[in-house]
Amino acid sequence: MAYKAKKARRYFYGLSPVTLMILLVLFLIVFYAINETLGIALVVFYLVLAVYYHFVGKKEAEAMIDAFTASEVKMLEKRSMKKLGLLEDQQMPIDPIFLYGPSYDIENLDPRHKWIGKLGKDNKWRYSIMEFTRFRFDETQIYIYFAHVDLANGAIFHEGTIECFYSDINSVNASQVMKKVAVSNWLPRKKINFFENVSILADGLSYSASFSVELDEPSLAEKFVAMRSLIRERKRGFEAC
């Protein structure tokens, strides 16, 4: 399914104030200056389109966004290896961890990217700004790749890599954050949602990755246990030396 940024923008933000003003002016011109019947016909046509979008178009947009997210996961897995300068066939002590979810604090970093959540007809949350994080491990270091993607244009606008020795890590923390999510671009309407955070604190480094509690990965908890065990084991080894 081809990704259409315009459809994603309309899904998250609705029609812009400029578009609505143009439609209103057009209606007034047609209704009062040209033909009342034609003006009414334009209003009826717009209402039909609005009903169609509400019952059909939103479902199509949600399917498109889900397909795009799945393709981003595969693309960013490969991109992370290139950015970190790692090889796929390198032997690793434990499996990598890939997280994705809402980048709900990105407005503090770049206010040009507006964050909003939408609760779909399938009762699933989707977010206009997504954060993807991949943790990969070797015998001495943890490698982190992160990317923030704006679904309004389908582009990565902030990404980076972090490398940290196990001996420098002070703690790995997990927490759950409750946040009121704006679900409308027009009305001051918000709903409460919960997000998971995993943070790594090290000498001269603090990194936190967020992901949705809806992330469908049954083995995720086991992977976090393996990560913590690996870090503890390697730190004990370094301290014993």
Seminar exercise, completed: Those residues of segment 126-147 which are in contact with a strand residue (DSSP E or B) (Cβ under 8 Å, 6 or more places away or on another chain) and surrounded by fewer than 20 Cβ atoms within 10 Å (Cβ to Cβ) amount to 140, 141
Exercise. Here are 199, 175, 167, 208: which of them is open to solvent by 40 Å² or more (accessible area, probe 1.4 Å), within 20 Å of residue 94 (Cα to Cα) and at pLDDT 75 or above?
Worked result: 167
Seminar exercise, completed: Only one of (1) modelled with pLDDT of 90 or more; (2) among the charged types (D, E, K, R); (3) under 13 Å from the mean Cα position of the chain (by Cα) does not apply to residue 77, and that is (3)
For this session: Tell me, please, whether a residue that is part of a loop (DSSP other than H, G, I, E, B), hydrophobic (A, V, I, L, M, F, W, C) and modelled with pLDDT of 90 or more can be found in segment 61-68.
Result: no
Exercise. Does residue 56 satisfy being more than 29 Å from residue 123 (Cα to Cα) and either modelled with pLDDT under 70 or part of a helix (DSSP H, G or I) (or both)?
Worked result: no
Exercise. What are the residues in segment 82-103 that are closer than 27 Å to residue 115 by Cβ, of a type outside the set (Phe, Trp, Tyr) and open to solvent by 60 Å² or more (accessible area, probe 1.4 Å), if any?
Worked result: 83
Exercise. In this structure, is residue 178 of a type outside the set (Val, Ile, Thr), under 12 Å from residue 101 (Cα atoms) and assigned to a strand (DSSP E or B)?
Worked result: no
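The values are calculated or read from the model by the stated rules, or taken from the named source; none is laboratory data. All figures in this text were calculated on a predicted structure; none of them were measured in a lab. Every residue, glycine as well, gets a Cβ built from its backbone with ideal geometry; the counts of neighbours run over all protein chains shown. Side chains included, ligands, DNA and RNA excluded: accessible areas come from the protein's heavy atoms. Shrake-Rupley method; radii C 1.70, N 1.55, O 1.52, S 1.80 Å.
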